[in-house]
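Here the structure is laid out as structure tokens; the discussion comes afterwards.
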Amino acid sequence: MKRVAIFASGSGSNFQAIVDATRLGELEADVCLLVCDKPDAYVVQRALQSGIPTFAFNPKEYASKQHFELAILEELQKHDIDFIVLAGYMRLIGDTLLHAYGGRMTNIHPSLLPSFPGKDAIWQALHAGVKITGVSIHYVDEGMDTGPIIAQTAVEIDEYDTLQSLEKKVHAVEHALYIHTLQHIFQKERQEV
Ligand code: GRF
């Protein structure tokens, strides 16, 4: 069974959905660690309630990204983590983690990449006037939302959509897509072994 660490910075609805899926047997993996760069984020409460160990840190207390990524790496090794799932982790991954986990790290982004990378992707799509946006799952590389795309789901934008209503529609497809995609990756890897 894959030993997974989830990285998150905010509310953690994706974190919760993934943990629940592992417990229901829909996703064959063990979520063994939460890594969070915002110690007051709600996701930390969720991990506590789910009994999942957490490494919550304040990046400002480290001299550089390399320093806090080395601290993260130590935690990942301590928990014997095979795979990293980014779910609303609002930082670029640096060389330290990329070297250790390259090809074993995915991210979810609320747009149809390569359109609208970076922050406020749902707002960007709404304001660009496009009629279709969506959700992408991709492998992580050194860029901002640029790694190879693994899966996407489209979401239609209609003329009455507001930021709130569109956010609701996008979030509604995120959880199922992430769980399904991770299950597919892990199953494929098991078959290859
Ligand atoms: C999601 O929209 C995800 O696509 C983006 O950050 C958000 C995280 O939401 N990268 P949550 O914390 O999982 O609720």
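Can you work out the accessible area per residue across the chain, with the rest of the protein chains kept in place, probe 1.4 Å, in square angstrom? Let's see the in-between values first.
On the way: 9940 Å² over 193 residues.
Result: 52 Å² per residue.
Mean Kyte-Doolittle of at least -1.0 and a Cα length of 18 Å or more along the axis: which whole DSSP H helices of the chain meet both?
Correct list, ordered by number: 65-78, 163-192.
Relative contact order of the stretch 69-133: what whole-number percent is it, with Cα pairs under 8 angstrom and at least 6 residues apart?
28
Got a number for carbon plus sulfur as a percent of the stretch 1-126's accessible area, 1.4 Å probe? Each step should come with its number before you reach the end.
Values: 2870 of 5870 Å².
The C+S portion of the solvent-accessible surface of the stretch 1-126 is 49 percent.
With no solvent and one point per C-alpha, what does the Debye sum give as log10 I(q)/I(0) for the stretch 1-112 at q = 0.15, 0.21 Å⁻¹?
Here log10 of I(q) over I(0) equals -0.59, -1.21.
Charges on Cβ only, +1 for Lys and Arg, -1 for Asp and Glu, centred on the Cα centroid of the chain; of ILE18, ILE122, HIS175, which one is farthest towards the dipole's positive end?
ILE18
Please give every one of the lysines within straight-line cross-link reach of LYS2, meaning a C-alpha to C-alpha distance under 26 Å, and leave out same-chain neighbours fewer than 8 residues apart.
LYS38, LYS78, LYS188
Need one number: % antiparallel among DSSP beta bridges in the chain, to the nearest 5.
So the antiparallel bridges in the chain amount to around 40 percent.
Counting only Cα, what are the radius of gyration and maximum Cα-Cα distance Dmax of the chain, in Å?
Reported Rg and Dmax, both Å: 16.4, 50.
Step by step: find N for the stretch 18-84, compute 2.2 N^0.38 Å, then divide the Cα radius of gyration by it. What's the final number?
Expressed relative to 2.2 N^0.38 Å, the Cα Rg reads 1.20.
Can you give the helix-only mean residue ellipticity at 222 nm for the chain, where every DSSP H stretch with n ≥ 4 adds -39500 (n - 2.57) and the sum goes over all residues, rounded to the nearest 500 deg cm²/dmol?
Theoretical 222 nm ellipticity from helices: -13000 deg cm²/dmol.
The values are calculated or read from the model by the stated rules, or taken from the named source; none is laboratory data. These numbers were taken from a predicted model, which means no experiment stands behind them. Reconstructed Cβ throughout: ideal geometry from the backbone, glycine too, with neighbour counts over all protein chains shown. Heads up: the accessible areas ignore ligands, DNA and RNA and are worked out on the full protein's heavy atoms, side chains in. Shrake-Rupley method; radii C 1.70, N 1.55, O 1.52, S 1.80 Å.
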